[in-house]
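The values are calculated or read from the model by the stated rules, or taken from the named source; none is laboratory data. In this text the structure is predicted, and so the values were computed from the model without any measurement. Positions of Cβ are backbone-derived with ideal geometry, glycine not excepted, and every protein chain shown enters the neighbour counts. Quick note on the areas: whole protein, heavy atoms, side chains included, nothing else; ligands and nucleic acids left out. Shrake-Rupley method; radii C 1.70, N 1.55, O 1.52, S 1.80 Å.
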Amino acid sequence: MANKYVYFFGGGKAEGNTKMKELLGGKGANLAEMSNLGIPVPPGFTITTDVCTHFMNTGGKYPTELKKEVESALAKVEKLMNLTFADPKNPLLFSVRSGARVSMPGMMETVLNIGINQKTIPGLVAKSGSERFVYDAYRRLIMMYSDVVMEKAAGIEVKEGKGIRVQLEEEMQKLKDAKGVKDDTELDVNDLKKLVGIFKKKVKQVLKKEFPDNPRDQLWGAISAVFQSWNGKRAKSYRRIEGIPDDWGTAVNVQAMVFGNMGDSSATGVAFTRDPATGENKFYGEFLVNAQGEDVVAGIRTPQAINEASKTDSSKHLPSLEKLMSANYKKLEKIRTKLEKHYKDMQDLEFTIQDGTLYMLQTRVGKRNGVAAVRMAVDMCKEGLISENVALMRVRPEQLDELLHPMLDPKAESRGHQLAKGLPAGPGGGVGQVVFTADDAEDWAKQGKKVILVRDETSPEDVHGMRAAQAILTAKGGMTSHAALVARGWGKCCIVGCGALNIDAAKKMVTVNGKTLKEGDWISLNGTSGKVYNDKIAVLPADPEKNPYYKTLMKWADKYRKLGIRTNADNPKDSKQARDFGAEGIGLTRTEHMFFGPDRITAMREMILADDEAGRRKALKKLLPFQRKDFIGIFKAMDGLPVTIRTLDPPLHEFLPNDAAAQKEMADKLGVSVAKIKAKVQSLHEMNPMLGHRGCRLGTTYPEITEMQAQAIIEAACRVAKQGVKVFPEIMIPLIGTKEELVDQREVVIRIAEKVMKQEGIKVAYLVGTMIEIPRAALTADHVAEVAEFFSFGTNDLTQMTFGYSRDDAGVFLPEYVEKGILAADPFQTLDQTGVGQLVDMGIKKGRKTRPDLKVGICGEHGGDPDSIDFCHRVGMNYVSCSPFRVPIARFAAAQAAIRNK
Ligand code: PEP
Ligand code: MG
């Protein structure tokens, strides 16, 4: 069969269905599905994403068959609607909308009311019975069309705030000012007629072209412009942020217009089948009487709640749809139930009521924040809608992260000076300096500043700044406004519809209830309550343990995951925190972190400065009690769980001061000359310290260091064991590249351990293993495993040495590498599975060939990264180890890995 480019839907049937998202886009596929389900959808047709690809690859050409297919689908719509496109008596109007495979809210273009011209106006007036309505629709068409088709799609570059749409809005404002009215609805038919004339003149003057009067020209102009908007600036920047491939393309949906602005028996709205902010199983939404869809999201009028349960402070005095149009509300509720049962997920709906008749314009899986995602997944599973497996896969690891996000400290908040209150669109706390434009937000954030983007409302043009900001605050807009939708999708703190803000973006200031804030002033947002404060309030870490849905989901995660989860911790407090988060042991204690305390650093420096072994031993003796005390604390916090402790790793110069003042202070403290210290610093200087005298090389040249550490570990273990603590020390030698290095260090550890246990009169079970972080160690892992009782992959160093990128200096070029697509991601964040991953896989296989029950883990940063965790599961590791706050994400990601790779 030849390619099919156009898919019809309407009248209870459709050529497509929900499974065809790649070809029809999300919107098109779901319009088809709703039609198939018998839900009232205005008829229309979808032009496929294949056409978009063709259009892009041929510099704006269409497949030859397309025109015919469009005409034939158009005729079907005419028949169903009993109207004719461009017909003077009985005219049909169309909307033209984008719709990619995944939702890209507001990032591409839409043109409504296609088909209004001089000839169709009288027919439309006769049909609708309202001349005002027709001229209002016409002025909207001119506004949208000139902006989307004649300016943006034509590639005309304009400065921010200088586009044709803004210029036309200014004309409209002038007219309103002259009349002394505030609302668009206060303009009468004569005003609108005048406005249409002014608009057309302005369009001609600015864009040097007549506004097209031929409906078919309008239609094809709109279709091309929507295809072209796939490559618009904001769509591209959104794709980069969300990782959406450029070659997917968008579909175009051409659909018969229905009007929510045909008078008081018409309305338009947006609804969610469950509350997208809390996840509660309650129908939630907003609508406006006598309005078109864009009015609801634009935030120009305050939207009304669809039902009593959705009312907020700003809508509580306005009647709900439930009260105002109860029959249609009931129909809408039935559709809600039907769609949720069908899709088995929360849906985001758009509807229009035209003169008392309800139409559904869209259904799609609704965006939700982390709190809501977790609750919905658990609730839906308990309602029997989805299985535990599906529930676990429903929540993205980043969404779970939101639950672990900071909140404003309630005590500090109660003392805060509340400036205003808006709608709580994105939960959590956000603290930062006020900026007024998206570009400023991005620039300031690049300088390391924390900013809050304050706007009247946001538009898709602002996404880069919204992304860079800690939080977003808008004066206008409801819970379904652009700012709210985008922030929710990202799990960002956000307050919208904060009407008390009087923003003067040009002067970079905002007045709020008599107070003036300037750019750079600090404010704090509580995105859960909607409160805005004129202070820099302290933030507290989140407390997910109080969330019963989170706890249930995590219980399920633990049931499905195969990987163990450990933590990287160097002190009892972090160990306890990690254990509370569900850690099952410690995968890495970096002992060097214990040497930096003010009470220890002097002894450490004394050891480094010592001229001979005797001097070093003297200083190490002073360090021993500190180390032992730390290990006792950690063993107690991890009672019953394994604790991996690594011997000293960093180059010694890291412990010495570099500046003159600190060197003098050190000299005074140790009673030596400054010259001696300077000379030592000089002698320890290395050209390439990361490849120098560090890791096991320290212990090999100064075995007394390893001896002291082994003694401290085993003494601590013996002493807590005597108190009844179950202790499982695992002593880990870093940075080995040859088996012999491990043989050397292992001998030291065993010799000391046996001696200590004899002295203490108690035996403890312990292991001696190694990190695999040098490529040669991975390549010779079968030999290494002859002596190693466990492996832990140090993928930070392994990445450094496999790529040859310095961990400390790669920041200079890595971001550009990612930007240019030379690297898919920063390999220090997400494990490079194709390269470094091969060494890991090979290391495990070779190691287990020698020692089949070899315990293998990972303790590099990748141990807390969901993609890398999936890899660790696949290559058969026993556990991953990550920082305490990432433990829940790791548990969850491990469960997803197990389900995904079943
Ligand atoms: C590693 O190299 O992956 C590792 C965990 O050790 P460090 O980061 O301390 O070098
Ligand atoms: Mg390392």
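You can think of it this way: the chain between LYS726 and LYS515 has 69.9 nm of extra reach, that is 0.36 nm per residue less the Cα-Cα gap. Placing a label point 7 Å from the Cα of LYS159 along the Cα-to-Cβ direction, the residues of the range 490-526 whose backbone N falls under 20 Å of that point are 504-509. I'd like the FRET efficiency for ASP504 and GLU747, computed as 1/(1 + (r/R0)^6) with the beta carbon distance as r and R0 of 60 Å, rounded to 0.05. Given R0 = 60 Å and the Cβ-Cβ separation, E is 0.20. Contact order, relative form, for the chain: 8 percent (alpha carbon pairs under 8 Å, 6 or more residues apart, mean separation divided by residue count). For LYS311, the lysines whose Cα falls under 19 Å of its own Cα, not counting residues fewer than eight places away in the same chain, are LYS282, LYS323, LYS330, LYS421, LYS476, LYS531. The alpha carbons of the range 557-625 give a radius of gyration and a Dmax of 17.5, 56 Å, in that order. Here the spin labels are modelled as points 7 Å beyond Cα on the Cα-Cβ line, and at VAL674 and ASN82 they lie 9.9 nm apart.
Extension gain for GLU22 to ARG216 (0.36 nm times residue separation, less C-alpha to C-alpha distance): 67.1 nm. When ASP462, ASP659 are compared by accessible area of protein heavy atoms, the largest-first order is ASP659, ASP462, using a 1.4 Å probe. If you find the alpha carbon centre of the range 419-442 and of the range 806-873, how far apart are they in angstrom? That distance is 36 Å.
Within the same chain, aspartates and glutamates fewer than 8 places from LYS492 are excluded, and of the rest, those with a Cα less than 14 Å from its Cα are GLU398, ASP401, GLU402.
Dividing the mean sequence gap of close Cα pairs (under 8 Å, 6+ apart) by how many residues the range 8-104 holds gives a relative contact order of 30 percent. If R0 is 22 Å, the Cβ-Cβ spacing of LYS546 and LYS411 corresponds to a FRET efficiency of close to 0.85.
Between ASP50 and PHE813, full extension at 0.36 nm per residue minus the direct alpha carbon distance yields a gain of 271.0 nm.
Given a 1.4 Å probe, how much area per residue of the chain is accessible, in Å²? Ligands and nucleic acids excluded, the result is 41 Å² per residue.
Our coupling estimate for the range 248-259, obtained by passing each phi through the Karplus curve with A = 6.51, B = -1.76, C = 1.60 and θ = phi - 60°, is 5, x, 10, 8, 10, 9, 10, 9, 4, 6, 10, 10 Hz, Gly and Pro reported as x. Toward the positive end of the charge dipole of the chain, with +1 on the Cβ of Lys and Arg and -1 on the Cβ of Asp and Glu, the farthest Cα among ASN3, VAL880, LEU332 is that of LEU332.
Summary of packing: across the peptides 239-252, 173-186, the per-residue average of other C-beta atoms within 10 Å ranks them, highest first, as 239-252, 173-186. Counting only the backbone N, which residues of the range 824-855 are under 20 Å from the spot 7 Å out from the Cα of ARG900 toward its beta-carbon? What the label zone holds, given the 20 Å backbone N cut-off, is 824-842. Between the residues PHE626, LEU392, TYR817, the greatest Cα displacement towards the positive end of the dipole of the chain, with unit charges on the Cβ of Lys, Arg, Asp and Glu, is found for LEU392. Among the trypsin sites (Lys or Arg not before Pro) in the range 395-500, those located in a DSSP loop and surrounded by at most 14 other Cβ atoms within 10 Å of their own Cβ are ARG415. Pairs spanning more than 30 Å between alpha-carbon atoms, out of LYS629/LYS755; LYS341/LYS555; LYS159/LYS820; LYS79/LYS334; LYS629/LYS849: LYS629/LYS849. Sorting 269-279, 665-675, 193-203 by their mean Cβ neighbour count within 10 Å, with the most densely packed peptide first, gives 269-279, 193-203, 665-675. Label-to-label distance, ALA824 versus ARG590, with points set 7 angstrom from Cα along the beta-carbon direction: 2.8 nm.
Where Lys and Arg each count +1 and Asp and Glu each count -1, what net charge lies around ILE822 among other residues with Cβ under 13 Å from its Cβ? Once positives and negatives cancel, what remains is -3.
Using the Cβ-Cβ distance between LYS282 and SER72 with R0 = 45 Å, the FRET efficiency computed as 1/(1 + (r/R0)^6) comes to roughly 0.55. Of the residues SER266, PHE728, TRP248, the one whose Cα sits farthest toward the positive end of the charge dipole of the chain, with +1 on the Cβ of Lys and Arg and -1 on the Cβ of Asp and Glu, is SER266.
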